[in-house]
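The numbers here are math on the coordinates, done by the rules we state, and not lab data. Source: prediction; values computed, not measured. As a convention, Cβ positions derive from the backbone with ideal geometry for all residues, glycine included, and neighbour counts pool all protein chains shown.
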Amino acid sequence: MTKPYVKKDIKDKIATIEFFHPAHNSLPSDILAELAITITAAGKDDEVLVIILKSGGNRTFCAGASFKELISINDEVTGETFFSGFANVINAMRKCPKFIIGRVQGKTVGGGVGLASAMDYCMATQHSAIKLSELNLGIGPFVVGPAVERKLGVSGMSQIAIDANTFYSAEWANQKGLFAKVFDTTEELDIAVEEFAKNLCEYNPEAVKHMKQMFWRGTEDWDELLLERAKISGKLVLSSFTKEKLKRFE
């Protein structure tokens, strides 16, 4: 696999949405846009009862924002547009009337932690350490912050946001509520995800829809809030501090 993609496969009422990028499953604008569109479409599809969200490859689940694209940002509008991509994906997941199961097979950084946090039920392997590295780059996890805080609480979110150089173990993420279950191997993870998805297909879709609304109560302002946060990140990515940090990745 060398070309980035987002693909959707529907089987037995289960929609599996998979994204991939050769740079450790990082997320450039086009992948983010396609993810938001695909998740929204699956949510509206009457043939779909459950959604599984996963990434390709065997190692990193998601490396977060595309450094190549971050480096190329030279004005506030472009910066805001890029970070709005993460807002759009999280809001698509939030408003989707179907349960979204996360399948996290490996390390997760920055925006990837935001994706995992927006899952309705997330399972992972023991190799799935997490890190919020944004402050180390001078920007901060502003857009994904509300989703991460919702799952980890203010204490957990602030801990990993401030300690921006440290990977926190899958066990830590499990204890904090980000991961519902942690497995030793990817094979065990895949079996568990498939079985769990099949079980969820037995639920009343109307009950699921109302449950999601209940679970996400209090986030009705996220359409505006996350875009406001994207503006902050869009400005900060232009700072001399961040530009200097990003030179390491050129």
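Check Leu132: other-chain or 5+ apart residues with amide H under 5 Å from its amide H, H built from backbone geometry?
HN-HN under 5 Å from Leu132: Gly110.
With the cut-off at 19 Å, tell me which of the pairs Lys95/Lys209; Lys8/Lys198; Lys54/Lys198; Lys131/Lys176; Lys54/Lys98; Lys8/Lys131 have Cα atoms farther apart than that.
Lys8/Lys131
Show that you can apply the helix-only estimate: for the chain, add -39,500 (n - 2.57) for every DSSP H stretch of four or more residues, divide by all residues, and state [θ] at 222 nm to the nearest 500.
Details: 11 runs with 127 residues, N = 250.
After summing the helix terms and dividing by the residues of the chain, the value is -15500 deg cm²/dmol.
Taking the Cα centre of the chain as origin, work out the dipole magnitude from +1 charges on Lys and Arg Cβ and -1 charges on Asp and Glu Cβ, in debye rounded to 20.
For this selection, approximately 340 debye.
HN-Hα J couplings of region 39-54 from phi, Karplus 6.51/-1.76/1.60, θ = phi - 60°, integer Hz, Gly and Pro as x?
5, 4, 5, 5, x, 8, 7, 5, 7, 10, 10, 9, 10, 10, 10, 8
Rounded, prolate or oblate: which fits region 5-186, taking a ≥ b ≥ c as square roots of the Cα gyration tensor eigenvalues, rounded meaning a/c under 1.5, else prolate when a/b beats b/c?
Oblate shape, in that a/c is at least 1.5 and b/c is the bigger or equal ratio.
Note the angle between two axes, namely the Cα long axis of helix 76-95 and the longest principal axis of the Cα atoms of the chain, as a number of degrees from 0 to 90, rounded to the nearest 10.
The angle comes out near 20 degrees.
Rounding to the nearest 10 and keeping the result within 0 to 90°, find how far the Cα-based axis of helix 186-200 lies from the longest principal axis of the chain.
Rounded to the nearest ten degrees, it is 60.
Taking only Cα atoms and a 10 Å spring cutoff, compute GNM fluctuations for the chain and point out the largest among Ile191, Ile52, Ile100.
Of Ile191, Ile52, Ile100, the Gaussian network model singles out Ile191 as fluctuating most.
Take the alpha carbon gyration tensor of region 129-249, find the square roots of its eigenvalues, order them as a ≥ b ≥ c, and report rounded if a/c is under 1.5; if not, report prolate when a/b exceeds b/c, else oblate.
Oblate.
Shape of region 41-89 from its Cα gyration tensor (a ≥ b ≥ c, root eigenvalues): rounded if a/c is under 1.5, otherwise prolate when a/b > b/c, or oblate?
Working: a/c = 4.78, a/b = 1.61, b/c = 2.97.
It is oblate, given that a/c is not under 1.5 and a/b is not larger than b/c.
On a C-alpha basis, how far is the centre of region 1-76 from the centre of region 180-215 in Å? Whole number, if you could?
The distance from the Cα centre of region 1-76 to that of region 180-215 comes to 19 Å.
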